[in-house]
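The values are calculated or read from the model by the stated rules, or taken from the named source; none is laboratory data. Values in this document were obtained by computation on a predicted structure and should not be read as measured data. Here Cβ is always computed from backbone atoms with ideal geometry, including for glycine, and neighbour counts include all displayed protein chains. Quick note on the areas: whole protein, heavy atoms, side chains included, nothing else; ligands and nucleic acids left out. Shrake-Rupley method; radii C 1.70, N 1.55, O 1.52, S 1.80 Å.
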Amino acid sequence: MLVVKALHLWMVISWFAGLFYLPRIFVNLAMAPADSAAERERLLLMAGKLYKFMTPLGILSVVSGLWLWLGYGFAGGWLHAKLVLVAALLVYHGHCGRLLADFRAGRNRRSHVWFRFYNELPVVVLLVVLFLVVLKPF
Ligand code: HEM
């Protein structure tokens, strides 16, 4: 079980590297002047590669979590609350893919300030998940 949990944490930490950094690239894309095509292309390339990297990590975070949950009989209100937050993270991940498509098509209308707040959402969710899974308050 501990090997599965270590793999789970490895997947989760790597996934969060993407969840934290991709919206930061969106902040820079939203700030890039319209006439700086080279900078926009470079940022779009980085964002595309990062999204491709973080997607399998998100899937493996869920698979390893399900393995822990269903394979080792974990239960409790904390796990249900955690699953709701994990579902929210998966929606956030998918929405990042939508935002990337908007940037690629030149459709983005959101400001860099909006993306700065958007960037903080996974930080808050991670904090709550950590308290739930380590303290198991209910
Ligand atoms: C469907 C998705 C997931 C399921 C079913 C799941 C389930 C579990 C289970 C059953 C454990 C073992 C708890 C224990 O040993 O006390 C665990 C550990 C952990 N999970 Fe997940 N998890 C999922 C996704 C995530 C995500 C997305 C995060 C981060 C936001 C996360 C963070 C953690 C942490 C930090 C631990 C270690 C807790 C400890 O050692 O006390 N998990 N997970």
Residue under evaluation residue 131, criteria (1) farther than 20 Å from residue 7 by Cβ; (2) not in a helix (DSSP H, G or I), criterion not met: (2)
From 38, 32, which residue is of a type in the set (A, V, I, L, M) and either loosely packed, with under 14 Cβ neighbours inside 10 Å or touching a strand residue (DSSP E or B) at 6+ places or on another chain (Cβ under 8 Å) (or both)? 38
So is residue 75 in a loop (DSSP other than H, G, I, E, B) and without any contact (Cβ under 8 Å) to a residue 40 or more places away in the chain or not? yes
Within region 86-101, work out how many residues are open to solvent by 40 Å² or more (accessible area, probe 1.4 Å) and within 9 Å of the ligand (Cβ to nearest atom). 2
One residue is enough: does region 105-116 have a residue meeting the conditions more than 12 Å from the ligand (Cβ to nearest atom), of a type in the set (Val, Ile, Thr) and open to solvent by 60 Å² or more (accessible area, probe 1.4 Å)? yes
